[in-house]
Amino acid sequence: MTDAAMVSPRGEVKGRSLWADARRRFLRNRAAVAGLVVLAVVTLLSFGAPFLGLRAPDDINWDMISAPPDYAQGYYFGTDQNGRDLFVRTLYGGQVSLMVGLVATLVSLVIGTLWGASAGYLGGRIDNVMMRIVDILYSIPFVFFVILLTVAIPRNFIAPTMLMYLAIGAVSWLDMARIVRGQTVSIRRKEFIEAAHASGVSSWHIITRHIIPNCLGPVVVYMTLTVPAVILTESFISYLGMGVQEPDSSWGTLISEGVNAMEVAPWAVIYPSGVMVVTLLALNFVGDGLRDALDPKDR
Amino acid sequence: MTAPLLSVNDLKVHFEIGRRGLFGGARHVLKAVDGVSFDLRPGETLGLVGESGCGKSTLGRAILRLLPLQSGRTVWLGRDLARLAPREMREMRREMQIIFQDPLASLNPRMTAGEIIAEPLVTFRPELKRAEVKQRVQAMMAKVGLLPNQINRYPHEFSGGQCQRIGIARAIINEPRLIVCDEPVSALDVSIQAQIINLLMDLQAEMGLSLIFISHNLAVVRHISHRVMVLYLGKVMEIADRDSLYANPLHPYTQALNSAVPVPDPDIERAKPRVVLKGDLPSPLNPPSGCPFRTRCPRATQVCAECMPALERAGADHMVACHHAAMPDRP
């Protein structure tokens, strides 16, 4: 017996849970750990930007309009055509992009998991109705849906950024619901579910205690892949001009503005998109690592 | 004779097979259990034997109402379980439990042994303090032969026999009166099988449990059962007390099953008469008319194809459903 046989002060043998096993495998995966580090750095810089003593994101320097990167003066990414520091704007834009990713993923996690697990466990007609609702929502073109929302809901009623959180969140749980339902259907027939049923455990507890913990593996992996997808979607909507509004920025708006000025100021598109690409890559590496760690059979 | 703990009367479990999607499609009815009746006395073990697919497990699950019944009654101490509201039924589940064939699959891989064993307890007695639950779980672990200090281990860290002990601890923690054992030993090593069987018998003696013991291993059933029921395609062929059934099987199917049990002595094994059945189990979707066993029965005649023989008394505690049952010599 190795470290698994460690004995706690009360003389009880410590168990080695499947999660602990997965954590060990994940930490052995270099690419995944590197991705996690990059992600942590980007997140800390973005949300710590107000405390780093940098310029304000709407600080205009009339001497530096569309200036290339200048390390001496601290303009690491150069400036845009309004003379604002692109490094600072990229960090603040990261706040919006990462928040969208996080919020939408959390929404999809909570709604999608509960919806999918309930449909899969209850089965029969309820399952049919619940999953057809998902199909119907799925068939609505997403961009169309967002445009409708922005037109229908007045600007002074809800901030455009909030609206985007709402819209992306409302759509992103559909995939999750399908994945969780599929998992649930396969778990539902297992004997430990029947044992719980035979022990008088209620449906709610069977779902929360037995089904959801057992389909969390694919869910966690899918979550890490949802975040980059959502960030891309946000960038796309903002690129179309329907998401984040000036003077706020997101990676999408920065890239959109950068593209317009690409011929005179290439740094305005290279740097923000570079940061975004690195972040998305890191997220994908983490997702890959998690998949390998949680499901060692598939390697 | 004491009043039966459980009285099953003409129990039927039918499954609809085939697409029932948007566009319909052919529907077939699979009669997994078709008109089974028996009584179970307190403290008794009823062995349930038969080939794969004859409805043993379905019957066990139907008794516990884990499956919907087509018709029939299961009367538990005078109360018809089928009439109970879901809430009342959940309350009744404290009294009846189940042990499964695959010990590992019957334990949630994300829960520790302690959490698994405690689940029925905290479900029915949510008022218990955490320390008390833990103390009871550890006592239960000791009772089924597990080390109480392994309470925080996960199922994959136990062997198959240990997992089955966890399943047994979970089943008995609420001190039920009936446990359905669905092939509890067929996935285990022979040496472990004996341990588990003896554990079940000890617990039965100690707690006055009734057991419904499902198995296709006749030797094991003989060891543990007081009475044995033989099923074939969802119908009862023969039900008798153990000694009578093994010494004097009346139904040709029971005789064939019995003769297939190997004897651990090559001389006897070679010399003993063998009843070899022709063919395979017919499809339960399209069972033969009359007696379901007639297609493979050495004694089948015209009457067997025409009607199903009724289950008739053939001895003190011996019922058989055969038109041509070899009647025993009556004293």
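The values are calculated or read from the model by the stated rules, or taken from the named source; none is laboratory data. Note that this is a predicted model, so its numbers are computed, not measured. Methodologically, a virtual Cβ is constructed for each residue, glycine included, from the backbone with ideal geometry; neighbour enumeration extends over all protein chains shown.
At a glance:
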quantity	calculated
Subset of segment B:165-189 [in contact with a strand residue (DSSP E or B) (Cβ under 8 Å, 6 or more places away or on another chain) and away from chain A (no Cβ under 12 Å)]	B:R177, B:C181
Residue list for segment A:178-194, restricted to those being without any contact (Cβ under 8 Å) to a residue 60 or more places away in the chain and out of contact with any helix residue (DSSP H, G or I) (no Cβ under 7 Å at 6 or more places or on another chain)	A:S186, A:R189, A:K190, A:E191, A:E194
Subset tally (residues that are modelled with pLDDT under 80 and farther than 21 Å from A:I147 by Cβ) for segment A:241-269	1
Condition check for B:A171: small (G, A, S) and surrounded by fewer than 20 Cβ atoms within 10 Å (Cβ to Cβ)	no
Lone qualifier among B:I98, B:I117, B:I192, B:I196 - being part of a helix (DSSP H, G or I) and within 11 Å of chain A (Cβ to nearest Cβ)	B:I117
Matching residues in segment A:207-224 - criterion: being farther than 30 Å from A:A282 by Cβ and at the interface with chain B (Cβ under 10 Å from one of its Cβ atoms)	A:R209, A:H210, A:I211
Count - residues of segment B:101-114 that are without any contact (Cβ under 8 Å) to a residue 60 or more places away in the chain, facing chain A (nearest Cβ under 7 Å) and among the aliphatic types (A, V, I, L, M)	1
Any chance B:P155 is touching a Cys at 6+ places or on another chain (Cβ under 8 Å) and surrounded by 14 or more Cβ atoms within 10 Å (Cβ to Cβ)	yes
Of all residues in segment B:129-155 being more than 28 Å from the chain's Cα centre (by Cα) and among the aliphatic types (A, V, I, L, M), the one that is farthest from the other protein chains (Cβ to nearest Cβ)	B:V133
Some residue of segment A:182-192 being within 27 Å of B:V122 (Cα to Cα) and surrounded by 23 or more Cβ atoms within 10 Å (Cβ to Cβ)	yes
Boolean, A:A72 is more than 16 Å from A:G274 (Cα to Cα), free of Cβ contacts under 8 Å to residues at least 12 places away in the same chain and either surrounded by fewer than 22 Cβ atoms within 10 Å (Cβ to Cβ) or of a type in the set (S, T, N, Q) (or both)	yes
Some residue of segment B:213-225 being in contact (Cβ under 8 Å) with a residue 24 or more places away in the chain, among the small types (G, A, S) and closer than 26 Å to B:R94 by Cα	yes
Every pair of residues 6+ apart whose Cβ atoms lie under 9 Å, when the first sits in segment A:263-285 and is assigned to a loop (DSSP other than H, G, I, E, B) while the second is crowded, with 17+ Cβ neighbours inside 10 Å	A:A265/A:A67; A:A265/A:G78; A:A265/A:T79; A:A265/A:D80; A:A265/A:G258; A:P266/A:G258
All positions within segment B:211-229 that are in contact with a Cys (Cβ under 9 Å, 6 or more places away or on another chain) and assigned to a strand (DSSP E or B)	B:L211, B:I212, B:F213, B:I214
Evaluation of A:A117 against (1) buried (at least 21 other Cβ atoms within 10 Å of the Cβ); (2) over 16 Å from A:I179 (Cβ atoms) (one fails), failing number	(2)
Which numbered condition A:V88 fails, given (1) buried (at least 23 other Cβ atoms within 10 Å of the Cβ); (2) touching a residue at least 60 places away in the same chain (Cβ under 8 Å)	(2)
Pairs where the first residue, in segment B:164-175, is in contact (Cβ under 8 Å) with a residue 12 or more places away in the chain and the second is aromatic (F, W, Y) and assigned to a helix (DSSP H, G or I), C-beta under 9 Å, 6+ apart	B:N174/B:F124
Number of positions in segment A:35-60 that are in contact (Cβ under 8 Å) with a residue 60 or more places away in the chain and touching a helix residue (DSSP H, G or I) at 6+ places or on another chain (Cβ under 7 Å)	6
Single residue of segment B:65-95 satisfying the filter (under 20 Å from the mean Cα position of the chain (by Cα), among the aliphatic types (A, V, I, L, M) and over 30 Å from B:E157 (Cα atoms)) that is farthest from the other protein chains (Cβ to nearest Cβ)	B:V75
Subset of segment A:177-204 that is touching a Pro at 6+ places or on another chain (Cβ under 8 Å) and of a type in the set (S, T, N, Q) - its residue that is nearest to the other protein chains (Cβ to nearest Cβ)	A:S199
Sole exception among (1) modelled with pLDDT of 80 or more; (2) crowded, with 22+ Cβ neighbours inside 10 Å; (3) within 17 Å of the chain's Cα centre (by Cα) for A:P272, by number	(3)
Whichever residue in segment A:66-82 is outside any loop (DSSP other than H, G, I, E, B) and either more than 32 Å from the chain's Cα centre (by Cα) or polar (S, T, N, Q) (or both) and, among such residues, is nearest to A:N260 (Cα to Cα)	A:T79
Meets criteria (under 16 Å from the mean Cα position of the chain (by Cα) and part of a helix (DSSP H, G or I)) for A:G48	no
Matching residues, segment B:45-64, being surrounded by 17 or more Cβ atoms within 10 Å (Cβ to Cβ) and either within 14 Å of chain A (Cβ to nearest Cβ) or of a type in the set (G, A, S) (or both)	B:G47, B:G50, B:G55, B:S57, B:T58, B:G60, B:R61, B:A62, B:I63, B:L64
